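Peer 1: Mind looking over this structure? Questions follow.
Just so you know, all these numbers are worked out from the coordinates, no wet-lab data involved. These numbers come from a predicted model, not from an experiment. Ideal geometry is used to build each Cβ from the backbone, glycine not excepted, and the neighbour counts take in all protein chains shown.
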Amino acid sequence: MKLTQFSQYKTLGAAAALALLLAAGNASAGKPENNGSNSPKDGGGASIGVSNLCWVEGTNPATLFVETTIIDKSSGETVPVFEEIKVQPLQKVRNRQTPLGEPVDVSGVIAGLGDADPDTRQYAPFVTQIDLCAAGLTDDATAVNVNLRVKVFNSNNTYTNSKCTARDEGGLKIGGMGLCQ
């Protein structure tokens, strides 16, 4: 008796799975490629790499410099179409990284990026300056960093995020330096 019940369930399960596959196939049939989407999976899409070299200069005001380099990693003829670039300064207090002020919109640099170098596929680097004191750097902060976010319209990954690499030895550690006093 139990063996026949198992066969019935197995047959019903197979029929249900086949029905789902047919329904999914019909749902995607006839859709045009890309459909105006910013995720052109069939067309390859653009791909970028982002790196940031960072350092801090001065006291009251203390300025965080973020030198950003974007590299076109797309295959084929696809060229990235940049929509937005924002830099969120971060501070580390008691081993916890938190946002420092509001994100800085540096999308205005997009027009100045021009075309990527044909050999290195690198765009012109640009530098963002952030006044840490105006952003609200606290006295108990031990380090700073950024989260730079680039939005690309024609990419399979719409957003690319990147943190800092310290330019100088000692990095972005600022504990006890009293930068904004």
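Peer 1: Between Rg and the Kirkwood Rh of segment 67-181, both from Cα atoms, what is the Rg to Rh ratio?
Peer 2: Expressed as Rg/Rh, it is 1.03.
Peer 1: Three principal axis extents, largest first, for the C-alpha atoms of segment 74-116, in Å?
Peer 2: 47, 23, 13
Peer 1: Related question: Please name whichever of Val104, Cys180, Ile85 sits farthest to the positive end of the charge dipole of segment 56-181, dipole taken about the Cα centre and charges placed at Cβ: Lys and Arg +1, Asp and Glu -1.
Peer 2: Farthest towards the positive pole: Cys180.
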